[in-house]
Amino acid sequence: YELENTKLIKRMNKSFEEIYQYFTKINFTTKDEYKRLNNTYYNLIAMHYESFLMQIEYNKFSSAIVLSRTILEIFIKSFYCGFIEKEKNIEVEYILSEKYKFPDFFKMLKELDEYKDKSGAGFNGFFTQFSKQYLGTYEKLSLFTHGKGEYIRAFYKHDKLSFTNKQIYEVLNIFYKLFLHLSIYRLYMFCCFDEVKYFIEQFKVDLEDKV
């Protein structure tokens with residue numbers, strides 16, 4: 001996976017710059033509270049994602065993993081607010097208050113995968129893949145952050161901070177696709193449907209498989 005990692009890292013950096021430049025041409029200013037919340041979450045994730053890429057470039061993969069857990073949490077919360085809480089007419093001011101508590105991570109995944117819009121369209125199992133039954137991405141990242149799990153076992157076994165090229169590729173691939181999906185979601189929230197079509201076509205190959 002060493003060659004694949006090199007190619008993927010190059011693609012991730014290139015696409016990040018392309019998306020950043022593309023979004024500077026779109027006016028995301030709005031008074032709509034849920035669109036503003038989407039802007040907030042997107043910009044926060046973009047900032048963390050850029051730091052994630054920098055950690056990878058400097059071969060600080062363990063730090064990138066810790067950061068990636070935060071990215072995944074905010075990613076799920078962004079979709080949860082935009083589809084679940086918005087439909088309940090929950091005020092954004094309340095969501096941002098100390099009184100509001102997000103549901104358990106896996107409960108949010110379940111609710112998102114059960115979500116259907118007025119036309120009956122849903123996410124078709126997209127969020128299930130992060131659950132314990134499938135990739136278990138969140139659990140792996142959480143265990144590492146708390147000093148447990150397969151990544152820590154690898155450190156213990158080899159007596160040094162060590163990751164396989166396959167492990168690195170899997171994490172890179174997950175978060176590359178997450179950022180692409182989040183960028184498309186931002187355009188969707190602002191009803192930029194032509195731009196959504198353009199993005200899906202532009203990154204078609206990268207979006208074909210599940211993260």
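The values are calculated or read from the model by the stated rules, or taken from the named source; none is laboratory data. Note that the structure is predicted; figures quoted are calculated from it, not measured. Here the Cβ positions follow ideal geometry from the backbone for every residue, glycine too, while neighbour counts run over all protein chains shown. The accessibility values were calculated without ligands, DNA or RNA, using every heavy atom of the protein model including side chains. Shrake-Rupley method; radii C 1.70, N 1.55, O 1.52, S 1.80 Å.
Numbers for the structure displayed
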read-out	value
Accessible-area composition of the stretch 90-139, carbon plus sulfur, in percent [1.4 Å probe]	52
Answer label, with mean projected area of the Cα convex hull in nm² calculated from the coordinates and candidates (1) 15.5; (2) 16.9; (3) 12.6	(3)
Highest average packing first - 45-52, 74-81, 116-123, 7-14, Cβ atoms within 10 Å	74-81, 45-52, 7-14, 116-123
Relative contact order, percent, the chain [alpha-carbon distance under 8 Å, six or more residues apart]	24
Pairwise centroid distance, computed over Cα atoms, of the stretch 101-134 with the stretch 181-204, Å	20
Anisotropy class of the stretch 55-108 from Cα gyration tensor, a/c 1.5 cut	prolate
Mean accessible surface per residue for the chain, computed with a 1.4 Å probe while every protein chain stays in place, in Å²	59
Per-residue [θ]222 nm for the chain (sum of -39500 (n - 2.57) over DSSP H runs n ≥ 4, rounded to 500)	-21000 deg cm²/dmol
Restricting the stretch 83-114 to trypsin sites (Lys or Arg not before Pro) in coil, as DSSP defines it, with at most 16 other Cβ within 10 Å	Lys88, Lys99, Lys101
Extension gain, Ile200 back to Met54 (0.36 nm per residue minus Cα-Cα distance, nm)	50.0 nm
Sequence-distant lysines (8 or more away, or on other chains) whose Cα lies within less than 17 Å of Lys177	Lys7, Lys10, Lys14, Lys77, Lys166, Lys197, Lys204, Lys210
Hydrodynamic radius (Kirkwood) for the stretch 4-66, which is based on Cα pairs only, to one decimal in Å	13.3
GluC sites (Glu not before Pro) lying in DSSP loop within the stretch 62-138, provided at most 16 other Cβ fall within 10 Å	Glu91, Glu98
³J(HN,Hα), Karplus 6.51/-1.76/1.60, whole Hz, each residue of the stretch 108-115, x for Gly, Pro	5, 4, 4, 5, 5, 6, 8, 5
Degrees, to the nearest 10: 165-189 long Cα axis against longest axis of the chain	10
